[in-house]
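For reference, the structure discussed in these notes is given below.
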Amino acid sequence: MSTPSASTRTIDLQGTPCALHTWEASTEAPRGVCVIYHGFLAHGRYPTVRYAAELLSSHNFAVVAADLPGHGASPGMRGHLDGTENLIASGLAVAELGANLCLRHHRRRTRTGTTSSGSGGRSGSGGRSGSGGRS
């Protein structure tokens, strides 16, 4: 089995253009979507985050991880977090993007007539955030 690779696009988090890394599921009908949050002074392609994302992707989960402002490929003062309110708002925005990704996969399966007895459209993390803030 080949190692899944991430695609990267830019999203807006609290007025800052940030990198969002996405690892596709190994099939067209993913089991769910996982959102991984990096830790302090890390980023969405940090080795532990990347390893977890590739492992989940190879087990048929779609995965998203953002570089929060000031981390990884995102602009801003390196490692600076602009208050807990902005951190929470950014985290919720990334989780919403993950939920929308899950809905898109579900709609695609519905249009093509394929179904799965898997997650039933729920997130693959069971409502828990990825790494618990550790990297």
**Fill in**
The summed charge of the residue 21 Cβ neighbourhood (under 9 Å; Lys/Arg +1, Asp/Glu -1) stands at +2
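Per residue, how much accessible area does segment 1-98 show when a 1.4 Å probe rolls over the protein heavy atoms, in square angstrom? Don't skip to the answer; put the middle values down first.
Numbers: 4980 Å² over 98 residues.
On a per-residue basis, 51 Å².
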**Asked** Once the whole set of protein chains is in place, how much accessible area is left on residue 26, using a 1.4 Å probe, in Å² to the nearest 10?
**Response** 70 Å²
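The values are calculated or read from the model by the stated rules, or taken from the named source; none is laboratory data. Treat the numbers as computed from the prediction; the structure is a model and nothing was measured. Neighbour counts are summed over all protein chains in view; Cβ atoms, including those assigned to glycine, are modelled from backbone coordinates with ideal geometry. Note: accessible area is taken over every heavy atom of the protein model, side chains too, but ligands, DNA and RNA are not part of it. Shrake-Rupley method; radii C 1.70, N 1.55, O 1.52, S 1.80 Å.
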